[in-house]
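**Q** Have a look at this one before I ask anything.
The values are calculated or read from the model by the stated rules, or taken from the named source; none is laboratory data. Just so it is clear, the model here is predicted, and its values are computed rather than measured. Note that we place each Cβ from the backbone using ideal geometry, even for glycine, and neighbour counts take in every protein chain shown.
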Amino acid sequence: MPDDRIDDTSGIFFVGRWSQIIIIIAKTLPENLENSKIMSDLPNCPKCNSEYTYEVGALLVCPECAHEWSKSETEAPEKARVWKDANGNILQDGDSVTVIKDLKVKGASSMLKGGTKVRNIRLIEGDHDIDCKIDGFGAMQLKSEFVKKA
């Protein structure tokens, strides 16, 4: 074939019309692959947690979700979220809490009465930040602003 040729610098084999695309890709590769960072040395994508991130200049890029971020964003320590009850006490997983007021429960005919004790809570991210099981109601999520630490 007259269009077949090998690029000596990258060792990539070019065929037909695709040669223009492959040349562009070959030119965007780092000149010295030995000095480039290995993907495992780079942090995972903060958006989708993909391990296949790569570096483009000062940015890190995720090929799976196309998220781009700077290296300084990765190096900044994340602040751990602190959950507080209605009185300002810090809540932790496994704590027992008490509901402070009557709460309407969607899909149930009765209300969750104030003073109901909830044991072994689990803290989660989101609007309703307590995941628990309540006797007589089953599994549900509560807002931390409507409970106090028991």
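**Q** Within the bounds of region 107-128, is there any residue that is aliphatic (A, V, I, L, M), at pLDDT 90 or above, over 24 Å from the mean Cα position of the chain (by Cα) and part of a loop (DSSP other than H, G, I, E, B)?
**A** The answer is no, given that none of the residues of region 107-128 is aliphatic (A, V, I, L, M), at pLDDT 90 or above, over 24 Å from the mean Cα position of the chain (by Cα) and part of a loop (DSSP other than H, G, I, E, B).
**Q** Next up: Of everything in region 85-139, what is among the polar types (S, T, N, Q) and in contact with a Lys or Arg (Cβ under 7 Å, 6 or more places away or on another chain)? Give them in sequence order.
**A** Correct list: Asn87, Asn89, Ser96, Thr98.
**Q** Residues of region 94-106 being part of a loop (DSSP other than H, G, I, E, B) and over 13 Å from Ala150 (Cα atoms), which ones?
**A** Correct list: Lys101, Asp102, Val105, Lys106.
**Q** Continuing with this model, one more query. Can you confirm whether region 94-106 contains a residue that is surrounded by fewer than 13 Cβ atoms within 10 Å (Cβ to Cβ) and either closer than 30 Å to Pro46 by Cα or touching a Pro at 6+ places or on another chain (Cβ under 7 Å) (or both)?
**A** Yes, region 94-106 contains a residue that is surrounded by fewer than 13 Cβ atoms within 10 Å (Cβ to Cβ) and either closer than 30 Å to Pro46 by Cα or touching a Pro at 6+ places or on another chain (Cβ under 7 Å) (or both).
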